[in-house]
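Just so you know, all these numbers are worked out from the coordinates, no wet-lab data involved. Just so it is clear, the model here is predicted, and its values are computed rather than measured. Using ideal geometry, Cβ is built from the backbone for each residue, glycine included, and neighbour counts are taken over all protein chains shown.
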Amino acid sequence: MMQPSSLIDRDLKHIWHPCSQMKDYEIFRPLEVIAAKGSYIELQHGKKIIDAISSWWCKSLGHNHPRLKHALVQQMEKFEHVILANTTNETIVRLSERLCRLTKSLNKVFYASEGSSAIEIAMKMSLHARYIQGDHKRNIFIALENGYHGETLGALSISDIGIYRSPYTATLLETYFISPIPYVHSMHDDLWRNCDAYWEKIEKKLDAYAQTTTAVIVEPIVQGAGGMKLYSQDFLKRLRVWADHHNVHLIADEIMTGIGRTGKMLACDHAGIEPDFLCLSKGLTSGWLPLSAVLTKQSLFDLFYDDYETGKSFLHSHTYSGNALAASIAVEVLNIVEEEHLCLRAEEIGLLMYEYLKEIARETNKLKNIRQMGAIVAAELVGNQPNRRLGYDVYRKAVELGALLRPLGNTIYWLPPLTIDLATLHELKSMTEVAIQSVF
């Protein structure tokens, strides 16, 4: 029997890659990674590519950060993981204290692994709280059109992207999706400050669900997988007021936007609001290890605080909940973001990326709807070719040139490490421009 001829052949014999149509791998083979450092991923034969999307939005401090490696090694010398039920340690307590300082009112933290699990936990806590209170009519969720919250069944229920959701519709929880959303291009749009033109119609539709909704869930300000769409901070502020008025919980999915990405520690800070549940992951460990956290407030925690026999205990568990290795990195991530003023840097490099993307649009005449929030910029490819995957073709060409873009459909976006240097950003601009020109 012949042995596979290369690592790629061995991979394709066994591995079902995430978020992929595996048939595509016949023509666009997996990239063989041998190292990664800073804003670059290193491939075979000495080639390097710019990680323009922070490896699915998590490498906020880039690859192989020396301080994060040091924090990990220090924790490894003590212990790697111990069950968090009925134990504690200095690392997880320190992280919890730091996370609770991100807001004024959220002072309890529940840990899980990846972001989707955090969403499921927040949803379950909301529903369980209603059960404890005897408010059984509140059992539906409200979410936003184009929103995305993960691919476990609960998270899919409150996501509005058909390509992920449609095959499972019959098994999903009831959700009302708010539409239309007051989208903006940046915080300088008039709608950013005042969304009166949208809110009156939205509120009338919401009111029909005011007595049956347990929670509203949002990706604050920026919708990721839905196409890097930006919406009005005034809209988010009004949603918070509406939820308060009708005794509806507000869940903020800051898995992508949290820890500095939008120019604030939390995207909710743009609207000056705090949710009832805050979900964090991705940038929390800068992509070193899986870790997610759900923050909530004392009043919700107190609902579950009783004798075990009452059935009020929140008995959700993850084997690696509060993993000490991941927690040690998260503490150091928060230190670096604060010490190096990376929220400010996110805004500074974001403005430069915005100018670069506008230059590409002028040179190619193939981009529209250019938008920016913190260190995120995005635009749609313009092309009347319905049977062609333009974004995919640009992706392939950009990788050939030296940039990992991985568009969302025909949405081109940059979401690089917050530590990316200006020379690398200029390289990314040039590669993206050439990739677009070569496709059309």
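Side notes on the structure shown:
- Using the Cβ-Cβ distance between residue 303 and residue 246 with R0 = 22 Å, the FRET efficiency computed as 1/(1 + (r/R0)^6) comes to roughly 0.75.
- Comparing 228, 76, 187 in a Gaussian network model of the chain (Cα springs below 10 Å), the most mobile by mean-square fluctuation is 76.
- Dividing the summed helix terms, -39500 (n - 2.57) for each DSSP H run of n ≥ 4, by the number of residues in the chain produces a 222 nm estimate of -11500 deg cm²/dmol to the nearest 500.
- Set 69/312; 13/397; 204/358; 201/282; 368/397; 201/368 screened for pairs whose C-alpha atoms are more than 31 Å apart: 69/312; 204/358; 201/282
- Fraction of antiparallel bridges per DSSP, the chain only, in percent to nearest 5: 65 percent
- Derived scalar couplings ³J(HN,Hα) [the range 380-386; Karplus, 6.51 cos²θ - 1.76 cosθ + 1.60; whole Hz; x for Gly, Pro]: 9, 6, 9, x, 9, 9, x
- Under a model in which nothing but the beta-carbon of Lys, Arg (+1) and Asp, Glu (-1) is charged, the range 68-339 shows a dipole of about 120 debye around its Cα centre.
- Between the range 392-440 and the range 215-286, the Cα center-to-center distance that results, in Å: 27 Å
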